[in-house]
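Q: Once you've had a glance at the structure underneath, I'll fire off some questions.
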2 protein chains.
Amino acid sequence: MIFITGTDTGVGKTFVSKIIGKHLKYKENINTGYLKPIESGGIEDTATLKEALNLDENLNILNPVNLKNPLSPNIAAEIENKPIDLVEIKKSFDLLKNKYDFLIIEGAGGVAVPIKYNSFLMSDLIVYLGAPAIIVSRPDLGTINHTLLTIEHLRNKGILVKGVIINCINELDTVLHYEKTFETINRCGNVEIIGIVKNENEYNINFDKIIG
Amino acid sequence: MIFITGTDTGVGKTFVSKIIGKHLKYKENINTGYLKPIESGGIEDTATLKEALNLDENLNILNPVNLKNPLSPNIAAEIENKPIDLVEIKKSFDLLKNKYDFLIIEGAGGVAVPIKYNSFLMSDLIVYLGAPAIIVSRPDLGTINHTLLTIEHLRNKGILVKGVIINCINELDTVLHYEKTFETINRCGNVEIIGIVKNENEYNINFDKIIG
C-alpha cells in the first residue's frame, strides 16, 4: 500500500493517484484498490478514482468520512457537527486492504492538516494506518521549502518517505532551472524524485519504487 | 530584533516588514533598521524598505547577498557563480545591529529554503544571527498545513517563534470561516496570532509582542 500526500491542497494528489492506479491495474495487472479516508468539499476525488479503477465498492466505503465544506477536516467536521470517527476509517481500510493486492490511500491537503483540534493531524492518520508515503510536489518556486518541510514532518513521525513525485501540470517548460530544483530536493531532502508527471499521458514514474 | 519569515514565497514578508518598520519608526519613535541578508531576483524588497524607513545605508549594506535569478538562493548562487558568504552577512548584521535600536531582518522564501546545497537552510541563518522569528501566513485553504510545518521546523532548531501574522491581501472576506482557521493555527500550533493585516492601512498587530 502507499499513502499519497502532498505539499499543499490542489497540488495534484488525485491526478497522480489516478495515474498510478491505472498503471498498476491495467498495465501491471495488479488488483489495485483505493481509499480516501477523508474528503471535504464534495466527493469528486473518490468518484474520480472509483471510475478510473472501475471499483465496485460504494462511495462511502471508499471514502468513509465525507464533509461538505471545502475546509480543513477539523473545521468542516465541527461546522457540520460530524465528529471524525477513526473506527469508520479503520473499517474501510481493513476491508479494502484484505480485498486488494495493492491499496492506494489518498490524503486530504498536506501532512500537517488537522483532523481533530487536539492536533491529530493527517500524518497521525498515516501512522495509524501504518503506510509509507509518497509526496506530490509542484515544480515551481517555493516547492523546495514545502517539500523539505513535508519530508521533515513525516520523518519526525517515523513515516517512511518512499519518494517525491513532481506534478508539473503542463508547466515544466516555464519553470526556470527545474532540474536544479529537483536536485536540491534530492540532496537537501535526502529523498528520491521517483516521478515527474507532465500530463495524464506523459509521465516518468518508477512504479517499482511505489509497490516495492 | 526580529526575523520575518513566511510560509511561502510571495506571502507578503516585505509588505508586513514595511508596516512593522513604519509603525515602530514613525509612531513609536524607535530607531528602526532593516537587513535583507539574501535577496534573489532583484533588489526590490531592500529598496522598498530603504525608502519606507528612509535608511541612509547603501543597498549593498542592507542586502549583502544579492542574486539576479529569482530562484532558491543555492541555485541562483550556483548559476551566477557567486558563493554565498556568511561573513558578508555577519558584517552587515553587526553594523546595523549596533547602529539601530531595533532591527527587522527579512528572509527570502520560507524557512527550509536552502542557502547552500549542503543543507544550510534559511532557518540555519536565523540560528546563526540568533534572532526570534515571526511567520507571515496566508488566510486561505492550505495555510494551516504550511504554518504548522513552518512552526515545527523553526522550533526543531530551537528558534523562538514570537507569533504568526496573517497577511490577508484584501481577501479575508472571501475566506470561509477564517476565524476557525486562525483558531486551529493557534491551538494546533500552540502559537499566538499576533497580527492580521487587511491592507497597508487596515491592520491589527500586537507590536509589543514584536519588540518585547
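The values are calculated or read from the model by the stated rules, or taken from the named source; none is laboratory data. Since the model is a prediction, treat every value here as computed from it, not as a measurement. With ideal geometry, Cβ positions are generated from the backbone for all residues, glycine too; neighbour counts draw on all protein chains shown. Note: accessible area is taken over every heavy atom of the protein model, side chains too, but ligands, DNA and RNA are not part of it. Shrake-Rupley method; radii C 1.70, N 1.55, O 1.52, S 1.80 Å.
Q: Check which residues have an amide H placed less than 5 Å from B:I193's amide H, if you skip close sequence neighbours.
A: HN-HN under 5 Å from B:I193: B:V164.
Q: Could you provide, to the nearest whole Å², the per residue accessible area of the range A:13-114 with probe 1.4 Å?
A: Per residue, the range A:13-114 has 41 Å² of solvent-accessible surface.
Q: What's the Cα-based Rg to Rh of the range A:20-84, Rh via Kirkwood?
A: On the way: Rg = 13.6 Å, Rh = 12.6 Å.
When Rh is taken as the Kirkwood radius, the ratio is 1.08.
Q: How big is chain B on each of its three principal axes, counting only the C-alpha atoms and giving the largest first in Å?
A: Extents along the principal axes: 47, 40, 29 Å.
Q: Can I ask one more? Mean residue ellipticity at 222 nm from the helices of the protein assembly as shown, using -39,500 (n - 2.57) per DSSP H segment of n ≥ 4 over the full residue count, to the nearest 500 deg cm²/dmol?
A: Rounded to the nearest 500, the figure is -11000 deg cm²/dmol.
Q: Given Cβ point charges of +1 (Lys, Arg) and -1 (Asp, Glu) and nothing else, what value in debye, to the nearest 20, does the dipole of the protein assembly as shown about its Cα centre take?
A: So the dipole magnitude of the protein assembly as shown works out to roughly 760 debye.
Q: Here's a follow-up. So what are the radius of gyration and Dmax for the Cα set of the protein assembly as shown, in Å?
A: Calculated on Cα positions, Rg and Dmax stand at 22.3, 71 Å.
Q: Could you give, in nm with one decimal, how far B:P70 is from each other copy of that position, shortest first, with labels 7 Å out from Cα toward Cβ?
A: 2.6
Q: If you rotate chain A onto chain B, whose Cβ in A ends up lying nearest the axis, and how many Å away is it?
A: With distances in whole Å, chain A gives A:L149, 2.
Q: Determine the total buried accessible area between chain A and chain B, counting protein heavy atoms only with a 1.4 Å probe; round to the nearest 100 Å². Kindly include the intermediate steps, with their values, before the conclusion.
A: Values: alone 9930 and 9960 Å², together 16690 Å².
It comes to approximately 3200 Å² buried between A and B.
Q: Got a number for carbon plus sulfur as a percent of the range B:30-123's accessible area, 1.4 Å probe?
A: Looking at the range B:30-123 in its full context, I get 50 percent from C and S.
Q: Given a cut-off of 13 Å, what percent of all Cα-Cα pairs of the range A:64-140 lie beyond it? Don't skip to the end; give the middle numbers.
A: Numbers: 2057 of 2926 pairs.
Value for the range A:64-140 (Cα pairs over 13 Å): 70 percent.
Q: Return the single residue from A:N74, A:N31, A:N98 with maximal mean-square fluctuation; model: Gaussian network over chain A, springs between Cα atoms under 10 Å.
A: It is A:N98.
Q: Would you grab the residues whose amide H sits under 5 Å from the one on B:I30? Only those 5+ places off in sequence or on another chain, please, with H modelled 1.01 Å from N.
A: Amide H to amide H, under 5 Å and 5 or more residues apart or across chains, B:I30 pairs with B:K25.
Q: While we're on this one: How high is the relative contact order of chain A, in percent, with contacts defined as C-alpha pairs under 8 Å that are six or more residues apart?
A: Relative contact order for chain A comes out at 24 percent.
Q: Quick check on the range B:109-212: take the gyration tensor over C-alpha atoms, sort the square-rooted eigenvalues as a ≥ b ≥ c, and tell me if it's rounded (a/c under 1.5), prolate or oblate.
A: Prolate shape, in that a/c is at least 1.5 and a/b is the bigger ratio.
Q: If you don't mind, there's one more thing I want to ask. Taking a label point 7 Å out from Cα toward Cβ, give me the nm distances from A:N54 to the same spot in the other copies, shortest first, one decimal.
A: Here the equivalent label points are 7.5 nm apart from this one.
Q: If each label sits 7 angstrom from Cα along the C-beta direction, how far apart, in nm, is B:N186 from its counterparts in the other copies?
A: For B:N186, the inter-copy label distances come out at 4.6 nm.
Q: Separate question: Once label points are set 7 Å from the Cα along Cα→Cβ at both A:I30 and A:K116, what is their separation, rounded to one decimal in nm?
A: Distance between the two pseudo-spin positions: 3.2 nm.
Q: Hey, which of these cross-link pairs are over 25 Å Cα-Cα: A:K97/A:K209; A:K13/B:K157; B:K18/B:K97?
A: Numbers: A:K97/A:K209 19 Å; A:K13/B:K157 30 Å; B:K18/B:K97 18 Å.
Flagged as over cut-off: A:K13/B:K157.
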